[in-house]
Amino acid sequence: MILIDTHAHIYLEQFAEDLEDVITRARDTGVETILMPAIDIRSIHQALELCDRFSGLFAMAAIHPSDTKTASDEDFEQVQSLCQNANIIAVGESGLDYHWDRSFDATQKKFLRLHARLAISEDLPLILHNREAQDDIIRILKEEKERSEHPERLRGIFHCFGGPPHVVPDIMELGFHFGIGGTLTFKNAGVPDAINEVPMEAIVLETDAPFLAPVPHRGKRNEPSHVRLVAERLAEVRGMTVDAVAEITSQNAKRLFALA
Ligand SMILES: [Zn+2]
């Protein structure tokens, strides 16, 4: 069985002590590819260093919406130039987060537009973080798609998708995938209902490690090998075998990220 963790922050200090073991456990579980979204400039460099150390790892470049508060134009220029690195396979993670701090919405939106334009110009997928901001994200992406000379290049993932279900058709129409992770295993999160109308061809798996560990590890450090638990739960929800889930979601991720 081949699994792909499309979203893991394994460059963070939570993995400093035992990263080799974490990657060995991932391999032993069938996780052959791990994609690392960035949160700031430093993390892009950290992820690129890991790509040099381990095979099957790929990095992304962007500034996380919550980190745009202190980000400068020079930071975005660095994101742009780092996108030229062959191990950068996406622009991420971008998006909007209205949960913690509403004092810099305008800055978050500015960076979302910059990241969307960068993804289109570099022909890379765009990875989106959303908290309570799906309507603005969808509106901005539609606007950027309309003004673009290459609208067909806009694609990516709504990472950690958990609804609301009514945005599913808009996300599909934009050509985006749904990143499904540990919250699928949470009892009261409602994720199985939220993805009821999402076809298997639009789903990719993720962990968001070290965050959002699936049951029975909920509350503990998450790691890429746990993507298998997400695959098992999705198999249950869809009435499929876990092998079929692994096969389809891995093909989806390979197609989206142009992985060999
Ligand atoms: Zn993330």
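Ranked highest first by the average count of other Cβ atoms within 10 Å around their residues, in what order do 90-101, 183-194 fall?
90-101, 183-194
Using the count of nearby Cβ atoms within 10 Å as a rough guide to exposure, how do Glu232, Glu143, Glu13 rank from fewest to most? Could the numbers behind the result be given before it?
On the way: Glu232 16, Glu143 12, Glu13 8.
Placing the least packed residue first, the sequence is Glu13, Glu143, Glu232.
Convert 20 °C to kelvin, take the viscosity as 1.002 mPa s, use the Kirkwood radius over C-alpha pairs of the stretch 28-257 as Rh, and evaluate the Stokes-Einstein diffusion coefficient in µm²/s, rounded to a whole number.
The calculation lands on 121 µm²/s.
Step through the residues of the stretch 133-141 one at a time and calculate ³J(HN,Hα) from phi using the Karplus curve (6.51 cos²θ - 1.76 cosθ + 1.60, θ = phi - 60°), rounding each to whole Hz and writing x for Gly and Pro.
Result, ordered by residue: 9, 4, 5, 5, 4, 5, 4, 5, 5 Hz.
For the stretch 62-174, what mean projected area does the convex hull of the alpha carbons give, in nm²?
6.8 nm²
If you average the C-alpha positions of the stretch 81-112 and of the stretch 49-80 separately, how far apart do those two centres end up, in angstrom?
Computed from Cα coordinates, the inter-centre distance equals 9 Å.
Mind checking the dipole of the stretch 28-257: about its Cα centre, +1 per Lys or Arg Cβ, -1 per Asp or Glu Cβ, Debye to the nearest 20? Write out the running numbers ahead of the final one.
Details: 24 positive and 36 negative charges, 73 e Å.
So the magnitude is around 360 debye.
Rounded to two decimals, what is the ratio between the C-alpha radius of gyration of the stretch 117-209 and 2.2 N^0.38 Å?
Normalised by 2.2 N^0.38 Å, the Cα Rg of the stretch 117-209 equals 1.08.
What 222 nm value per residue comes from the helices of the chain, counting each DSSP H run with n ≥ 4 as -39,500 (n - 2.57) and dividing by all residues, nearest 500 deg cm²/dmol?
Computed mean residue ellipticity for the chain: -12000 deg cm²/dmol.
What is the fewest-to-most order of Ser81, Ser121 by other Cβ atoms lying within 10 Å of their Cβ?
Ser81, Ser121
Hey, can you grab everything whose amide H is under 5 Å from the amide H of Gly92? Only 5+ residues off in sequence or another chain; H modelled, so Pro and N-termini drop out.
Hits under the 5 Å cutoff: Ala38, Ala61, Ala62, Ile127.
All of the numbers you see were taken from the coordinates with simple rules; none came from a lab. In this text, all values refer to a predicted model and were calculated from it rather than measured experimentally. When we count neighbours, we look across all protein chains shown, and the Cβ atoms used for this are built from the backbone with ideal geometry, even at glycine.
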